[in-house]
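Undergrad: I'd like to ask you about the structure that follows.
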Amino acid sequence: MTDLMLIRREADGLSTRGELHLHPGPQHLCYTLENPWLDNRRGASSIPVGRWPLRLRGEGGYHAEYTKRFAWHEEMVEVVVPDRTFILFHIGNYHRNTDGCILVGDRKGTDFEGDGSLTVWGSEDAYTRVYRHLHEAASSDGHLHVIDATGEGAQ
């Protein structure tokens, strides 16, 4: 079984940035970007702290887009959280791209041309590189361990 660990490191009220690692490890895979903690509100909140199952999802808009866009892409990887659906790992740079999901990136940044929030850059490259780890974790009944080191209170 392969598990992943997401450690949230920074929060600015608009975005929450972290690091994704293989677990146990840690082996750094990439940076992550989520929404802030908004009581697990669908499509708007980061996911709660805890240990959440991963599964493969072969339906939906992201699945259709990514299997068309990338010849190597199979199912999307979903984090299974109570009262939520379609929490996926996907490409994006800004908190407004998350839709309650987890974005991946190679570099940390700031949205200087927009609202000044935390960002991730190099998202497509990061997704291409870490997808095999995400897929392996989901296909082997792995979990995502979420740890909040921001003090934001994402319980």
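Undergrad: I need the full set of residues from region 17-39 which are closer than 13 Å to Gly105 by Cβ and not basic (Lys, Arg), in order please.
TA: Initial filter on region 17-39 (closer than 13 Å to Gly105 by Cβ): 17-20, 28-34.
Of everything in region 17-39, those that are closer than 13 Å to Gly105 by Cβ and not basic (Lys, Arg) turn out to be Gly18, Glu19, Leu20, His28, Leu29, Cys30, Tyr31, Thr32, Leu33, Glu34.
Undergrad: In region 79-109, which residues are aliphatic (A, V, I, L, M) and either touching a residue at least 60 places away in the same chain (Cβ under 8 Å) or within 12 Å of Thr16 (Cα to Cα) (or both)?
TA: First, the residues of region 79-109 that are aliphatic (A, V, I, L, M): 79-81, 87-88, 91, 102-104.
Once the filter is applied, which keeps residues that are aliphatic (A, V, I, L, M) and either touching a residue at least 60 places away in the same chain (Cβ under 8 Å) or within 12 Å of Thr16 (Cα to Cα) (or both), region 79-109 yields Val79, Ile102, Leu103, Val104.
Undergrad: I'd like the full set of residues that are surrounded by 17 or more Cβ atoms within 10 Å (Cβ to Cβ) and closer than 14 Å to His143 by Cα, limited to region 50-87.
TA: Trp52, Leu54, Val77, Glu78, Val79, Val81, Ile87
Undergrad: Is one or more of the residues making up region 70-92 at pLDDT 95 or above and hydroxyl-bearing (Ser, Thr, Tyr)?
TA: no
Undergrad: If Cys30 satisfies every condition in (1) touching a His at 6+ places or on another chain (Cβ under 8 Å); (2) touching a residue at least 40 places away in the same chain (Cβ under 8 Å); (3) buried (at least 17 other Cβ atoms within 10 Å of the Cβ); (4) not hydroxyl-bearing (Ser, Thr, Tyr) but one, which is the exception?
TA: Every condition holds for Cys30 apart from (1).
Undergrad: So Gly92 ticks every box in (1) of a type in the set (Gly, Ala, Ser); (2) in contact with a helix residue (DSSP H, G or I) (Cβ under 9 Å, 6 or more places away or on another chain); (3) over 17 Å from Tyr62 (Cα atoms) but one. Which box is left unticked?
TA: The number of the failed condition is (3).
The values are calculated or read from the model by the stated rules, or taken from the named source; none is laboratory data. The shown structure was predicted, so the numbers you read here are calculated from the model rather than taken from an experiment. No Cβ is skipped: glycine too gets one built from the backbone with ideal geometry, and neighbour counts run over all protein chains shown.
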